[in-house]
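What follows is a single structure, written as structure tokens, with notes after it.
Throughout, read-outs are computed from the coordinates displayed, never taken from laboratory work. Please read all numbers here as calculations on a predicted model, not as lab measurements. Note that each Cβ is placed from the backbone with ideal geometry, even for glycine, and that neighbours are counted across all protein chains shown.
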Amino acid sequence: MPGNDSCVLGSGSFILGMDELWIGNFRHLHVWRILSKTKTYFFIYFHTNIVYNISMKVNERLEQLIEDCSGTIRTSQALDAGISKPAFYTYVKEQGLEKVAHGVYVSPDAWIDTMYILHLRCGQAVFSHETALFFHDLTDREPVKYSITLKNGYNPSRLQADGFQVYTIKDDLHGIGVTTAKTPFGHQVPVYDMERTICDLLRSRSHIEIQVFRDALRGYAQRKEKDLRTLMRYAGIFRVEKQLRPYLEVLL
């Protein structure tokens with residue numbers, strides 16, 4: 001860079017007596033010698049350009065996070081990526097993101113994946129019962145209400161008010177048979193495996209249509225990947241072995 005009136009300020013440098021000002025790799029600005037008398041002018045220029053470039057980088061990172069999550073982003077994801085809350089909320093407002101749950105936002109041009117949003121909203125929720133049947137292709141009925149199972153002690157009133165079917169169970173039984181499956185939108189969510197689902201249907205048989213259960217068990221009996229040993233082990237744990245055996249004797 002030409003010129004002999006050069007000074008260093010932090011990681012940037014400026015030239016006095018030139019028609020241009022360069023700070024690192026930032027774009028130049030015509031300043032003339034008034035710069036030597038008006039230090040505030042230089043500071044404002046320097047600060048404004050840094051903020052502008054940082055803002056651009058923040059937006060790019062947030063756009064990448066949203067793209068990776070198919071149009072959805074959580075506040076915690078932004079914080080984990082080193083983005084401050086003020087910067088994140090500014091982006092949310094400028095881009096018109098919709099708040100769909102506490103700390104969960106969706107891009108205005110994205111399809112809302114209700115199952116995935118529910119998972120983000122309540123991390124301990126596991127899709128169960130008729131909804132698990134849907135995930136495992138053991139029913140031809142799409143759930144009217146999404147069914148989930150939570151640990152005892154969780155207040156389900158808000159989820160129930162939003163139209164979800166909520167079951168609760170002891171903490172030590174909640175994690176048995178948990179696996180993952182993809183929603184129709186391609187997001188991974190927790191769901192109980194087929195064997196646990198069969199036992200859950202028996203445990204909740206007073207709330208389940210008998211034909212739904214029979215069709216599910218018939219479909220399960222035809223699956224190559226069925227695990228009868230695990231099924232009977234679960235049946236013992238959940239105390240439905242006596243109710244399950246007659247059905248299996250007919251189908252197997």
Taking amide H atoms as placed 1.01 Å from N in the peptide plane, list the residues 5 or more away in sequence, or in a different chain, whose amide H sits under 5 Å from that of THR168. LEU150
Set the bar at 32 Å for Cα to Cα. Now go through LYS99/LYS226; LYS99/LYS151; LYS99/LYS182; LYS93/LYS182; LYS99/LYS224; LYS85/LYS182 and name every pair that lies beyond it. LYS99/LYS226; LYS99/LYS224
Residue by residue through region 235-240, which ³J(HN,Hα) values in whole Hz follow from phi under the Karplus form 6.51 cos²θ - 1.76 cosθ + 1.60 (θ = phi - 60°), with glycine and proline marked x? 4, x, 4, 9, 6, 10
If a paramagnetic tag sat 7 Å from the Cα of ARG158 along the Cα-Cβ line, which residues of region 67-97 would have the backbone N under 17 Å from that point? 74-76
Checked against the positive end of the charge dipole of region 105-249 (+1 on Cβ of Lys and Arg, -1 on Cβ of Asp and Glu, about the Cα centre), the farthest of ILE112, PHE185, ILE198 is ILE198
If a paramagnetic tag sat 7 Å from the Cα of GLU241 along the Cα-Cβ line, which residues of region 178-195 would have the backbone N under 18 Å from that point? 195
What trypsin sites (Lys or Arg not before Pro) in region 105-213 are in a loop by DSSP, with at most 15 other Cβ atoms within 10 Å of the Cβ? ARG141, LYS145, LYS170
Any idea how far apart LEU79 and LYS93 come out in nm if each label point goes 7 Å out from Cα toward Cβ? 2.0 nm
If amide hydrogens are placed 1.01 Å from N in the peptide plane, which non-local residues have theirs closer than 5 Å to the one on THR179? VAL191, TYR192, ASP193
Nothing charged except the Cβ atoms of Lys and Arg (+1) and of Asp and Glu (-1): what's the magnitude of the dipole of region 143-252 about its Cα centre? Round to the nearest 20 debye. 140 debye
Which length gain, in nm to one decimal place, applies between ARG141 and ASP171 when the Cα-Cα distance is subtracted from 0.36 nm times their residue separation? 7.8 nm
